[in-house]
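Enquirer: Got a structure for you, written out below as structure tokens; questions coming shortly.
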């Protein structure tokens with residue numbers, strides 16, 4: 001099957017590459033010439049485990065192509081996938097200009113039958129508006145005035161179907177999520193389009209992947225509802241973490257005890273400095289805005305957003321409580337990306353925390369295995385270290401912000417010698433308090449209280 005994927009951002013590039021690996025002929029289109037030139041040179045613009053090798057293999061097998069020529073990509077394709085960005089606007093709503101512009105461009109190129117898949121995360125009603133825009137242009141194309149002025153144009157009206165097929169890709173495991181998804185959501189109205197979608201995802205049908213076949217509107221809402229629910233779990237466990245600190249309970253044990261209930265599940269019950277990335281912040285805000293437009297107040301989702309905002313600010317206070325006056329103090333920070341295995345800095349807690357520490361007079365040393373190039377676009381007046389040990393050398397405290405695997409096995413005795421004073425703020429609960437205490441650190445984590453080097457530790461907590 002010939003497929004056109006419009007947009008070579010995170011979603012478009014992963015989707016196009018994985019579909020090519022399914023055996024389809026995929027052309028990825030983007031109006032960014034520099035990005036397309038880089039892809040054609042084999043340079044991958046995003047960090048995603050396994051993506052580099054997958055792109056190389058499928059381009060070598062002549063199944064995956066990159067171009068800026070939309071006409072060249074759309075005309076031979078039976079399936080056209082819209083995977084452009086829908087960034088948040090100031091009021092929290094989604095900016096759909098890219099989606100609608102692409103829809104109009106496709107309408108001018110449709111010849112024969114096309115299945116147009118909206119893979120971008122879009123508010124309910126977007127699929128209908130895309131249909132409206134395409135219909136208006138197709139009507140113009142067969143009007144007598146148009147045909148008279150364009151003698152080579154066909155009077156046959158092209159036809160198409162719009163399908164909502166939202167993505168559920170987690171950064172850092174996107175390839176696995178596409179190849180072995182929990183489910184595939186398909187908002188569709190046409191039996192012929194459904195047959196094509198089944199061919200498109202034939203390998204997933206062979207693996208008996210659950211397929212949710214529903215209306216376009218429901219499919220659009222499923223994506224927002226899923227991300228809002230997951231974000232709510234994160235904000236909930238972060239609030240309970242603060243309660244654990246007040247009551248002397250252990251959040252790690254509590255989360256396990258709660259998560260082993262099959263009705264709840266263990267995932268997304270890990271305390272953190274707050275969620276970030278390209279999805280949860282944007283999608284929760286967009287969902288609240290969507291609801292307000294129809295007179296519905298989503299109190300739980302609104303509270304989730306507020307709790308997450310406050311969580312990041314409270315991390316600044318936690319650091320200050322241990323370090324004291326931050327004026328002219330140096331803080332060594334390990335981890336900048338919003339999560340491990342990605343270079344994504346969007347809405348990362350590190351941005352808020354570093355900014356807050358700087359405003360209190362702190363100097364910042366940072367190290368991240370992958371995200372420092374992206375961090376340089378949003379962070380200012382920080383020192384970028386060559387290693388974790390370089391970042392903490394001469395620092396007044398160590399703050400662990402992203403749980404990269406290499407930070408789980410630090411030489412702590414070496415760290416202690418490099419620090420001016422043995423202060424360790426672990427905002428991902430990577431280390432065990434007892435071990436840190438035995439090594440002589442003053443240690444703070446989330447939902448487990450603080451441990452001073454001269455205090456006893458209750459091993460049962």
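What follows draws every value from the coordinates through simple rules; no lab data is involved. As the structure is a prediction and not an experimental result, all values here were calculated from the model. Every residue, glycine among them, receives a Cβ derived from its backbone with ideal geometry; neighbour counts consider all protein chains shown.
Enquirer: Mind checking the angle between helix 97-109 and the chain's longest principal axis? C-alpha axes, 0 to 90 degrees, to the nearest 10.
Expert: Tilt relative to the chain: about 20 degrees.
Enquirer: Output the 0 to 90 degree angle, nearest 10, between the alpha-carbon long axis of helix 280-293 and the longest principal axis computed from the alpha carbons of the chain.
Expert: So the inclination is approximately 60 degrees.
Enquirer: When the Cα centres of region 363-421 and region 212-249 are compared, how far apart do they sit, in Å?
Expert: 30 Å
Enquirer: May I pose another question? Have a look at the DSSP beta bridges in the chain and tell me what percent are antiparallel, nearest 5.
Expert: Roughly 10 percent of the beta bridges in the chain run antiparallel, per DSSP.
Enquirer: So what is the relative contact order of the chain, in percent, for Cα pairs below 8 Å that sit 6 or more residues apart?
Expert: 11 percent
Enquirer: Fewest to most neighbouring Cβ within 10 Å: what's the order for 445, 93? List each step's numbers first, then the result.
Expert: Numbers: 445 26, 93 17.
With the fewest neighbours first, 445, 93 line up as 93, 445.
Enquirer: At a threshold of 8 angstrom on Cα-Cα distance, excluding pairs fewer than six apart, so keeping six or more, what relative contact order does region 1-102 reach in percent?
Expert: Numbers: 165 pairs, mean separation 37.3, N = 102.
Computed value for region 1-102: 37 percent relative contact order.
Enquirer: Okay, moving on. Would you mind ranking 185, 5 by Cβ crowding within 10 Å, fewest neighbours first?
Expert: So the residues, fewest neighbours to most, are 185, 5.
Enquirer: Could you check how many percent of all C-alpha pairs in region 2-214 are farther apart than 29 Å?
Expert: Counting every Cα pair in region 2-214, those more than 29 Å apart make up 25 percent.
Enquirer: How high is the relative contact order of region 251-399, in percent, with contacts defined as C-alpha pairs under 8 Å that are six or more residues apart?
Expert: Once normalised by length, the contact order is 23 percent.
Enquirer: Go ahead and estimate [θ] at 222 nm for the chain from helices alone: -39,500 (n - 2.57) per DSSP H run with n ≥ 4, summed, over the residue count, rounded to 500.
Expert: Here the helix-only value at 222 nm equals -13500 deg cm²/dmol.
Enquirer: Which peptide among 86-92, 48-54, 120-126 comes first, and what is the full order, when sorted by highest mean count of other Cβ atoms within 10 Å? Kindly include the intermediate steps, with their values, before the conclusion.
Expert: Values: 86-92: 13.3, 48-54: 16.3, 120-126: 21.9.
So the peptides 86-92, 48-54, 120-126, ranked by packing, come out 120-126, 48-54, 86-92.
Enquirer: Taking the Cα atoms only, what angle lies between the long axis of helix 51-60 and the longest principal axis of the chain, rounded to 10 degrees?
Expert: That helix lies at roughly 30 degrees to the long axis.
Enquirer: Sticking with this structure for a sec: With a 10 Å Cβ neighbour count serving as the proxy for reagent exposure, in which order, fewest first, do 224, 201 appear?
Expert: 201, 224
Enquirer: Then there is this: So if the hydrodynamic radius of region 196-291 is defined as the Kirkwood radius over C-alpha pairs, what does Stokes-Einstein give as its diffusion coefficient at 10 °C and 1.306 mPa s, in µm² per second?
Expert: My calculation gives 99 µm²/s for D.
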